[in-house]
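Asker: Handing you this structure, nothing more for now.
The values are calculated or read from the model by the stated rules, or taken from the named source; none is laboratory data. All values derive from a computational prediction rather than experimental measurement. All Cβ positions, glycine included, derive from the backbone under ideal geometry; neighbour counts span all protein chains shown.
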Amino acid sequence: MEEKKPEGGRKSKTFFEVAEKRRKLSEERNRTRVVLGETFQRWRAMKEQRGVKTDAQLAKIILDSVRMVYVLDCLFLTPSGGLK
């Protein structure tokens, strides 16, 4: 007996195939998750103020700004903390 395919010609995925795919996606997402705790409201406010659409974009902005401060510190401060 021939297996019946849904309209469009593709074979439907089984419940287990769909569940496995969801599990893998969830596992992947959890590896990059960061818990903000009490700072969640500040995060959302900063995201809105900057007009940023995704959390990843905001994280990049923050990391880039921290990197810039570090570079400027290295350029203009002596090891003892004074200006060069």
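Asker: In the stretch 8-53, what residues are modelled with pLDDT of 95 or more and part of a loop (DSSP other than H, G, I, E, B)?
Answerer: Scanning the stretch 8-53 gives G51, V52, K53.
Asker: What are the pairs with Cβ atoms under 8 angstrom where one residue, in the stretch 31-45, is free of Cβ contacts under 8 Å to residues at least 40 places away in the same chain and closer than 17 Å to I61 by Cα and the other, located anywhere, is outside any helix (DSSP H, G or I) and β-branched (V, I, T)? Sequence gap at least six, or different chains.
Answerer: none
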